[in-house]
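The structure under discussion appears below in the form of structure tokens.
The values are calculated or read from the model by the stated rules, or taken from the named source; none is laboratory data. Because the structure is a prediction, the values reported are computed rather than measured. Note: ideal-geometry Cβ built from the backbone for every residue, glycine included; neighbour counts use all protein chains shown. What goes into the accessible areas is simple: the full protein's heavy atoms, side chains included, and nothing from ligands, DNA or RNA. Shrake-Rupley method; radii C 1.70, N 1.55, O 1.52, S 1.80 Å.
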Amino acid sequence: MQFGIFTVGDVTADPTTGRTPTEHERIRATVAIAKKAEEVGLDVFATGEHHNPPFVPSSPTTTLAYIAASTERIMLSTSTTLITTNDPVKIAEDYATLQHLAGGRVDLMLGRGNQGMVYPWFGQDIRQGIPLAVENYNLLHRLWREDVVDWKGRFRTPLQGFTSTPRPLDGVPPFVWHGSIRSPEIAEQAAYYGDGFFHNHIFWPPEHTRRMVELYRRRYEHYGHGAADQAVVGLGGQVYMAKNSQDAVREFRPYFDNAPVYGGGPSLEDFSEQTPLTGGSPQQVIDRTLGFRDYVGDYQRQMFLVDHAGLPLKTVLEQLDMLGEQVVPVLRKEFDALRPAHVPEAPTHASLVAARDAAAGSADQKAGVPA
């Protein structure tokens, strides 16, 4: 099972000091956080994509390329890449390039984006969010798998005899996760293509997450990609840790109360009760996270949000130390022990290349082609 962190890249004042980091400091902090994630043994670092204040990650591939050059092992991903307002041709080009630069340590999570003002900035309409996601991904999927594409759709100019370059590394496209917190159409899309489905359930109760994942698993099996419990599922979560729950709640409360996405809503206690948000000791985070399996089954990727709401970099790095030293090793061991042998690991570039080669070998054997 893969464990990692994701950032939304908000530039938020620290409510305990009143100091707001500069954009430069926040971007440099993002790189430091990614490098720390690799240092403490995490598997994945993912950055969001936003085009409006108070967020800075408007160019994820630029940031991820820099991180790729500064790291050796960690998988680089997104949370999310906007499939609705980005041209799928540019996504195909940018992420294939990143895949080459990072030696295959790249996948991406596609999402629609939930901020309506962004759509017209890129010539789109949020009311067309689902059709845009469906059509744009269909084109992206073809661009990475067909050397020459003829295409015509509703939302961009047609393509005739078009080749997206560079071609994917080793002829294998980056693995795609489809992220959605409330749209059954996106779960259906992930299932149709046999891609991964990521439910960022930091805002939702377990019952909602269970229904979305169940839908995806059922449709994944329907489309013939494997049994429902072999579908590739990822979950989001947010944690803040201290030696005990009292300290964790006391330290995290001002950040929660002033967070861009939480502030003004339910109390920290109510939110923690109704969602997977966990402020507590490392053992409490372990126990809560292991409980996710009870309502989604065995899954492949767990991502945590740890750098939100004005938390200073020093604190975030300390959180990563606890995550890497005290939490993830236990979770990795426990989840692996529970996972049946027929349930796959999360795909990597190496595993996708091996699966492609094995399928080709099997086809040759059936056709009587000598090895």
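Go ahead and run the numbers for FRET between Thr17 and Met117, Cβ-Cβ distance against an R0 of 30 Å, rounding to 0.05. Efficiency, rounded to the nearest 0.05: 0.50. Rounded to the nearest 20, the Cβ-based charge dipole of region 1-124 about its Cα centre (Lys and Arg +1, Asp and Glu -1) stands at 100 debye. Shape class of region 251-335 from the Cα gyration tensor (axes a ≥ b ≥ c, square roots of the eigenvalues): oblate, since a/c reaches 1.5 or more and a/b does not exceed b/c. Simple rule: put +1 on each Lys or Arg Cβ and -1 on each Asp or Glu Cβ in the chain, find the dipole, and look at Ala248, Ala32, Ala190; the Cα lying farthest toward the positive end is Ala190.
Here Gln365 and Asp287 are evaluated by their C-beta separation; at R0 = 51 Å the FRET efficiency comes out at 0.60.
Computed about its Cα centre, the charge dipole of region 87-150 is approximately 240 debye, with only Lys, Arg, Asp and Glu carrying charge at their Cβ.
With contributions of -39500 (n - 2.57) from each DSSP H run of at least four residues, the per-residue ellipticity at 222 nm computed over the chain stands at -13500 deg cm²/dmol. Rolled with a 1.4 Å probe across the full set of protein chains, the surface gives Val330 an accessible area near 60 Å². Computed extension length for Leu215-Val148: 20.7 nm, one decimal, from 0.36 nm per residue of separation with the Cα-Cα distance subtracted.
For a modelled paramagnetic label at Tyr295, 7 Å from Cα along Cα-to-Cβ, the residues of region 258-274 in reach, with backbone nitrogen under 20 Å, are 262, 266-274. For region 145-187, the residues whose backbone nitrogen is under 11 Å from a point 7 Å from the Cα of Val261, taken along Cα to Cβ, are 181. Heavy-atom surface analysis with a 1.4 Å probe gives the chain a carbon and sulfur content of 53 percent of its accessible area.
Subtracting the Cα-Cα distance of Thr165 and His141 from 0.36 nm times their residue separation leaves 7.3 nm of extension gain.
Inter-part distance, region 56-71 to region 179-209, computed on C-alpha centroids, equals 26 Å. Only lysines eight or more places from Lys35 in sequence, or on another chain, were considered; those with a Cα closer than 17 Å are Lys314.
Amide H contacts of Phe55 (H built 1.01 Å from N, in plane; Pro and chain starts excluded): Val11 sit under 5 Å, all sequence-distant by 5 or more or on other chains.
If R0 equals 35 Å, the separation of the Cβ atoms of Asp321 and Ser58 corresponds to a calculated FRET efficiency of about 0.75.
Each of Tyr262, Gly297, Met322 was placed along the dipole of region 211-326 (beta-carbon charges, centred on the mean Cα), and the one lying farthest toward the positive end is Gly297.
Taking the centroid of alpha carbons for each part, region 116-144 and region 286-338 are 32 Å apart. A simple spin-label model places pseudo-atoms 7 Å from Cα toward Cβ; at His222 and Asp270 they are separated by 3.6 nm.
Among Gly297, Gly280, Gly265, the residue with the largest mean-square fluctuation in a Gaussian network model of the chain, with springs joining Cα atoms closer than 10 Å, is Gly265. Taking 20 Å as the cut-off, the amide N atoms of region 72-102 that come nearer than this to a point 7 Å along the Cα-to-beta-carbon line of Ala32 belong to 72. Packing order of peptides 201-211, 106-116, highest average first: 106-116, 201-211 (average count of other Cβ atoms within 10 Å over each peptide's residues). Annotation: peptides 20-31, 120-131, 355-366, ranked by per-residue average of other Cβ atoms within 10 Å with the highest first, follow the order 20-31, 120-131, 355-366.
Heavy-atom accessible surface of the chain, averaged per residue, reaches 43 Å², computed with a 1.4 Å probe. Here the chain carries DSSP beta bridges of which approximately 10% are antiparallel, counting only pairs with both residues inside. Largest to smallest in accessible area, the residues Lys90, Lys152 fall in the order Lys152, Lys90 (1.4 Å probe, all protein chains included).
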